[in-house]
Structures are given as structure tokens and as C-alpha cells.
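Remarks on the structure that follows.
The values are calculated or read from the model by the stated rules, or taken from the named source; none is laboratory data. These numbers were taken from a predicted model, which means no experiment stands behind them. Neighbour counts are summed over all protein chains in view; Cβ atoms, including those assigned to glycine, are modelled from backbone coordinates with ideal geometry. Note: accessible area is taken over every heavy atom of the protein model, side chains too, but ligands, DNA and RNA are not part of it. Shrake-Rupley method; radii C 1.70, N 1.55, O 1.52, S 1.80 Å.
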Amino acid sequence: QVQLIESGGGLVQAGGSLRLSCAASGRTFSRYAMAWFRQAPGKERSFVAAISRSGDSTTYADSVKGRFTISRDNAKNTFYLQMNSLEPEDTAVYYCGAADHGVVAVVAGAYDSWGQGTQVTVSS
């Protein structure tokens, strides 16, 4: 498994932007498919975005398409979630996940390793 550490969460007004980062340990970062999920209070963890090992394929939840962008820098063992036009409904704890099998997936069970989460709060 790989160790993941998220950063970049915070409080922002509606319409604002945040950039989340997820740093991974180890030298095999490029073999993992990576994803962001989020969990709001009282709700299950839900898919946000995922990116392939090379970064040439991405997929997004419908609720964030056109507003969020996932990217990765394999040389830095880090991947990112740029969030623009944030809405109060985006408020949640955001988690990054890594899939050892290297296949992009939209279900949390497909990911082997998780970060500790970072809080994103969007005020109206």
C-alpha cells in the first residue's frame, strides 16, 4: 500500500476556488490509478474524480464536471484537484485514494489506500 497525505482544504465563499493536493509515499506512484472522493455529514463517501496512471484519462462525477479538474505529477508523487465555482453543496471531507490495480474506478471499494481527509467548507 501507499501512504497518502491530503492538503489544501479550507473555508471559501461560494464561487471561490481551492486546490487540493495528495502526496504519496514510495517510488511506484505512477502505477496507481488515483481518485478523489468526498463525504458530507450523514452521507456516504461519494466519487468526485479519478485519473489514470499516466494522467491521460480522467473521469468526473456529473455534479462537478466543468468545475473541477483532476491532474497528477508523477515526478512529484502528487496529484491534485482544482475546484472552481464552488457551491455550498461541495462542502465535505475530501479523501484521496489509490488503486494498486491501476484501473480507474468510481466506487470506493476499488481503492486500496486512503488519505486522512481534508475539510472543504463552502459558505453561501
>> Are there any GluC sites (Glu not before Pro) in the stretch 1-97 that are in a DSSP loop and have at most 15 other Cβ atoms within 10 Å? List them by number.
In response: GLU44
>> Residue by residue through the stretch 84-98, what is 3J(HN,Hα) from phi via Karplus (6.51 cos²θ - 1.76 cosθ + 1.60, θ = phi - 60°)? Round to whole Hz and write x for glycine and proline.
In response: 10, 6, 5, 10, x, 5, 7, 4, 4, 8, 9, 10, 9, x, 10
>> Using a probe radius of 1.4 Å on heavy atoms only, what accessible surface per residue do you get for the chain? Whole Å² is fine.
In response: 50 Å²
> Just going by the charge dipole of the stretch 1-97, with Lys and Arg at +1 and Asp and Glu at -1 on Cβ, which of ILE51, GLY66, TRP36 is farthest out on the positive end?
Replying inline: ILE51
>> Amide H of GLY117 versus every other amide H placed in the peptide plane: which residues, excluding those fewer than 5 positions away on the same chain, fall under 5 Å?
In response: GLU6, CYS96
>> Residue by residue through the stretch 20-31, what is 3J(HN,Hα) from phi via Karplus (6.51 cos²θ - 1.76 cosθ + 1.60, θ = phi - 60°)? Round to whole Hz and write x for glycine and proline.
In response: 8, 10, 9, 9, 10, 8, x, 9, 10, 3, 5, 8
>> Using a 10 angstrom Cβ neighbour count of at most 13 plus a DSSP loop assignment to flag exposed trypsin sites (Lys or Arg not before Pro), which longest range of the chain is free of such sites?
In response: 66-124
> In whole percent, how big is the carbon plus sulfur part of the accessible area of the stretch 2-124, probe 1.4 Å, protein atoms only?
Replying inline: 47 percent
>> Among GLN13, GLY117, HIS101, which residue has its Cα furthest toward the positive end of the charge dipole of the chain, with +1 on Lys/Arg Cβ and -1 on Asp/Glu Cβ?
In response: HIS101
